[in-house]
1. Please return the longest range in the chain lying between exposed loop sites, taking trypsin sites (Lys or Arg not before Pro), DSSP loop only, at most 15 other beta-carbon atoms within 10 Å, and leaving the sites out.
2. Calculated from the structure, Rg and Dmax of the Cα atoms in Å equals which of (i) 22.2, 77; (ii) 15.6, 43; (iii) 22.7, 80?
3. Please give me the summed charge of the neighbours of N138: other residues whose Cβ is under 14 Å from its Cβ, Lys and Arg +1, Asp and Glu -1.
4. With springs only between Cα atoms under 10 Å, which of N30, N118, N63 fluctuates most in a Gaussian network model of the chain?
5. List the residues, sorted by chain then number, that are 5 or more residues from I137 or on another chain and whose placed amide H is less than 5 Å from its amide H.
6. About its Cα centre, how strong a charge dipole does the range 1-73 have in debye, to the nearest 20, once Lys and Arg get +1 and Asp and Glu get -1 at the Cβ?
7. Determine the gain in length on full extension of the stretch V12-A56; use 0.36 nm per residue of separation and subtract their C-alpha separation, reporting nm with one decimal.
8. Under the rule of at least 5 residues apart or a separate chain, name every residue whose amide H is placed under 5 Å from the amide H of V12.
Amino acid sequence: MDNKDKLNIRYVIHTGDIVDDFDMPYEWENADKAMKILDDANMPYGVLAGNHDIAAGAMEYENYQKYFGAQRVQDQPTFGEAYKDNIGHYDLLTENGQDFIILYMSWDVFEDEVDWMNQVLDQYSDRKAILCFHRFINKDGKLDQTGEYVLEEVVSKHSNILPF
């Protein structure tokens, strides 16, 4: 936050792995304190759960939602709506005369998540869309399974999504 004005920072995107070990309370407490810096500065931000935050395939969202559920971000002026207590959510911003929707979806994306994302993107088709995921591209820079699925089922259906 020391560079907020100098760098003209107006919004922060966090794409997961808030903690390293989802079941270590002290890591969540540390993350809570760190992100509170943004809260206290009234800096709008979005966050999603990465694999370390939810035990990957086990999908253990309890600690993530305790600290970073919808209650964490719903009072921000940019907040739009949450999906399943912030497993996903979207924010609405206007910068330099351009309207944006920033859509977040946590680790692993299935049919219900795709349906929700498509519904939201249809609703805000007049806004430039930025999609935020933890999992999308593999270490070789190629689309992973989630990336391919989202590209086919979401990105290809919405011309307002900004290219990556």
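The values are calculated or read from the model by the stated rules, or taken from the named source; none is laboratory data. Just so you know, these numbers come straight off a predicted model, no measurement behind them. Counting neighbours? That spans all protein chains shown, and the Cβs are built from the backbone with ideal geometry, glycine included. In case anyone asks, the SASA skips ligands and DNA or RNA and just uses the protein heavy atoms, side chains included. Shrake-Rupley method; radii C 1.70, N 1.55, O 1.52, S 1.80 Å.
1. 11-83
2. So the structure-derived entry is (ii).
3. Counting the neighbours of N138, the net charge comes to 0.
4. N30
5. The answer is D144.
6. For this selection, approximately 480 debye.
7. Going from the current span to full extension adds 13.4 nm.
8. Y45, G46
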